[in-house]
Amino acid sequence: MSQRHPVLTMTAISKIFPGVRALDGVDFRLFPGEVHALMGENGAGKSTLIKVLTGVYGTDAGTITLDGQQVSFAGPMQATAAGVSTVYQEVNLCPNLSVAENIFIGREPRRLGAVNWREMRRRAQELLARIDLHIDVTEPLGSYSLAVQQMVAIARAVDVNARVLILDEPTSSLDADEVAQLLRIMRQLRDDGIAIVFVTHFLDQVYGIADRITVLRNGRLVGEYPTAELPQIALVEKMIGKELDALERLDSEAGRDRAAITAGQPLVAADGLGRTGSVAPFSLTIHAGEVVGLAGLLGSGRTEVARLFFGADRADQGRLAVDGEPTAIRNPVAAIGRGVAFCSENRRTEGLVGELSVRENIILAMQATRGWLRPVPRRKQDELVERYIKALSIRPADPDMPVRNLSGGNQQKVLLARWLITEPRLLILDEPTRGIDIGAKTEIQRLVAQLSDGGMAVLFISAELEEVLRLSHKVVVMRDRQLVAQLDNDDTLDADRVMRAIASGARQEELEKA
Amino acid sequence: MTTTPLAARGPRAWWRVPQRQVPVLATLALLLVMYGIGVSQYRAFSNIQVVFNLFIDNGFLLVVAVGMTFVILTGGIDLSVGSVVAMTAMVSASLLNDGVHPALVLLIALLIGPTLGFAMGCVIHFFDIQPFIVTLAGMFFARGMCTWINTASIPITDGFWTSAAQERIRIGENFVTVSVLVALAVVAVAAYTLAYTRLGRNVYAIGGNQQSALLMGLPVGRTKIAVYTISGLCSAIGGILLSFYTLSGAPLIAIGMELDTIAAVVIGGTLLTGGSGYVFGTLLGVLVLGVIQTLITFDGSLSSWWTKIVIGGLLFAFILLQRLVGIRKK
């Protein structure tokens, strides 16, 4: 492969944003007929590199060569015209137009100046048949699943004569079957000689398809490796740049002294709590300093349980007690008053004000509880903000940086900091590690462990069993909107048993215990 | 892989109407029901001339509404149309009064609207300003120009104009006017443009998702400027038809007409957010407004304000219908 000429070469690319060196002398090569994975943590510079390549951003230094000619695109349109197409996670097509038209708009087959719809439909069907997609091309694109829309986007890009195809996190919202189909299409395109840049967080997919891997970290190039010569563990190390023993240490702490923690009165006790059409009545206690993991499939009722505790939904059955006192948490304000904090799943869209600085975003909730007449003194702000930036290792560590300049993972940490600063007694984390890289994941897991050591109760919702097992004292399993098992996390509990509980309802688990 | 699980969907049954055509069919049904009510209540309603009169009385509204359809399909709005209609009629009347040759007057009148539309389109595109506010400014400007030309109504006595106004084209025992033919020609050209030209398809793409349209390399700016120019041209044609109809130019005529056209377009099934709708629907929308008016005229005892009340109710119902269709889609 190295004898051939690269179709694309990026040399010594640098890009500076106000206060951040997003890319620092990065090199990147891409050969025809390969799938090249671009890997790195959140904030490593993957997105920036792609935006520089496609002309969304200009470069501050460095050159881009396409087919031996130096290029500098003024925008994605120019890049596309030159044969560099990008398919994003969120599909950039028009949902109101038909599938066929989405593929051909701007290049419609015409006869005597009029759009030749019959010819367009025929060619669209032909093109999609080549990637084994048999759908009614006259239906509006919006009536198909995201996976199909993505494949249509790829079909368009390829038909526009793309030589370089960039797939930016295409698999994030697809299920396993859809991912398999997408990977198959990628292989087929690669065999046709197209160069594919594949950006993803999923290691399995990288090892399933990529020929080579380029790793970025903190805006710098770590290296370029043939996939076969880079074991997974080595890749992870290169991405996060530190040893993995932090994870191991957490592991050993998981079996912490559970008896001592659960000895006293529970912080929160739900007794037959439920909501018609949402969650069947369940009973659950959470003690101070205890981490309760909530496991189950998507849609099993995990988030609904959390919403009842936070008052986002109102329970219509059962009782809730805080510190042994019966109480009704009717709304989130009441919950916050009782010391409950809830980091919801879609934190990126829900919580942060992009224009405000990191400092202002972190202080927001605290200021809200104090009322606007009692501003938080600036010195106290600085002190608090600095402490949390450090504790969560928010990067860049600049409190005055507008939040929108931060990467996704770091934005999530800012939102977490906002809740932590209110010093909650019960912290509910709904999928806090989804869509973020391994390094940030480890940091958040370690943080959860620290917080519970400090006496905070944590309700931890995650789809990743390993993570739940590593952190929790008790694992609660949801299935079909019912609480089906509560498993003490002792030496005997492993992913298999939890999985069985999720799968079978695990009534016998309880029987065994009794 | 022999079958694709992603595409488990058979061919469409012949009786299943594509979702995007549901609003238009609803309007058609409404029109037929209202016409039926008219025929059953009033004996004279079944006269074919009643239908022709709908076109005669609403020809200029139809032409303006066609232009508005283009704008709304891109997700924009044009509030200047009523004023541009009035200004075109005013300019024509004033020039004819000064003895300018009618052919030249026609040419000038047809240039004013598109020029203003082009200018507004440029402001909207290059300065990235809300169409609402730009065309609001255009509306005040054009209305101001009307009174600047003359504060009073100017009668038209020119021979070409009067013959165009009074020419009756016979169809059997009934007749239509020149305006009707012009309006139908505009509808036909517009429908072809939207369905079969790149410009038309780009209009739909921009209405669907402007950002995507840009990324797909479509000429978004050019198309947006074009739709406001087209709307300006339609307003100019509408203004001339109105001056045929009234044989005068009046500075305060067609006030609020922009709202009537928007109502007609929306009742005709075009989404206010853009990307979905047909000129044929707009034609039906205009006819619905016309039938309401005719019904109230036939009744004789109802105040003409009832027209507005019924239109208000219909608009509300149609926006809800669009919402429901949209929700079902998701």
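Structure notes:
- Span-like helix ranges in chain B, DSSP H, alpha carbon extent 18 angstrom or more, Kyte mean at least -1.0: B:22-41, B:48-73, B:81-97, B:102-126, B:131-149, B:178-196, B:220-246, B:279-299, B:305-329
- With Cα atoms defining each centre, region A:3-81 and region B:252-295 are spaced 50 Å apart in the structure.
- For region A:150-165, 3J(HN,Hα) computed residue by residue from phi via the Karplus equation (6.51, -1.76, 1.60; θ = phi - 60°) reads 5, 5, 5, 4, 5, 4, 4, 4, 5, 6, 6, 6, 6, 9, 10, 10 Hz, glycine and proline entered as x.
- Which of A:M478, B:M34 has the fewest Cβ neighbours within 10 Å, and the rest in rising order: B:M34, A:M478
- Averaged over residues, the count of other Cβ atoms within 10 Å places the peptides A:462-468, B:133-139, A:305-311, B:153-159 in the sequence A:305-311, B:133-139, A:462-468, B:153-159, highest first.
- Cβ-to-Cβ counts within 10 Å put B:T246, B:T27 in ascending order as B:T246, B:T27, the fewest first.
- In region A:246-513, a dipole from Cβ-located charges (positive for Lys and Arg, negative for Asp and Glu) runs towards its positive end, and of A:I461, A:Q412, A:S357 it is A:S357 whose Cα lies farthest in that direction.
- Pairs beyond 19 Å (Cα-Cα), from A:K413/A:K441; A:K51/B:K224; A:K238/A:K413; A:K51/A:K238; A:K238/A:K441: A:K51/B:K224; A:K238/A:K413; A:K51/A:K238
- Nearest 10 degrees, 0 to 90: helix A:117-130 Cα axis against chain A principal axis: 70 degrees
- Cα long-axis angle, helix A:378-391 against chain A (0 to 90 degrees, to the nearest 10): 70 degrees
- Here the dipole of region A:318-414 is about 120 debye; that uses its Cα centre as origin and unit charges on the Cβ of Lys and Arg (positive) and Asp and Glu (negative).
- Averaged over the residues of peptide A:141-154, the number of Cβ atoms from other protein chains lying within 10 Å of each residue's Cβ is 2.
- Counting Cβ atoms of other protein chains within 10 Å of each Cβ in A:85-98 and taking the mean gives 5.
- Cα lying deepest toward the dipole's positive end in region A:386-490, options A:Q450, A:T422, A:A485, charges on Cβ: A:T422
- Residues whose placed amide H lies under 5 Å from that of A:V291, excluding near-sequence neighbours: A:V458, A:H473, A:K474
- Amide H contacts of A:G25 (H built 1.01 Å from N, in plane; Pro and chain starts excluded): A:I13, A:S14, A:K15 sit under 5 Å, all sequence-distant by 5 or more or on other chains.
- Net charge dipole size for the protein assembly as shown [Lys, Arg +1 and Asp, Glu -1 on Cβ; Debye, nearest 20]: 1500 debye
- Near-label residues of region A:386-400 by backbone N, under 18 Å of a point 7 Å along Cα→Cβ of A:V376: A:386-395, A:397-400
- Size of charge dipole - region A:8-242 - debye, nearest 20, with Cβ of Lys, Arg +1 and Asp, Glu -1, no other charges: 560 debye
- Remark: mean inter-chain Cβ contacts per residue of A:130-138 equal 3, using a 10 Å Cβ-Cβ cutoff to other protein chain atoms.
- Shown for B:Y35, A:Y57: other C-beta atoms within 10 Å of each C-beta, ranked fewest to most, produce the order A:Y57, B:Y35.
- Rounded to 5, percent antiparallel among DSSP beta bridges of the protein assembly as shown: 60 percent
- Cβ-defined net charge surrounding A:E325, 14 Å radius [Lys, Arg +1; Asp, Glu -1]: +1
- C-alpha long axis of helix A:408-420 to longest principal axis of chain A, angle in °: 20 degrees
- Think of region B:217-330 as a dipole: +1 on every Lys or Arg Cβ, -1 on every Asp or Glu Cβ, centred on the Cα centre; then among B:F298, B:G256, B:G217, B:G217 lies furthest on the positive end.
Every read-out reported here was derived from the displayed coordinates using simple, explicitly stated rules and does not represent laboratory data. The structure presented is a predicted model; accordingly, all values stated were derived computationally and were not measured. Cβ: placed from backbone, ideal geometry, glycine included. Neighbour counts: every protein chain shown.
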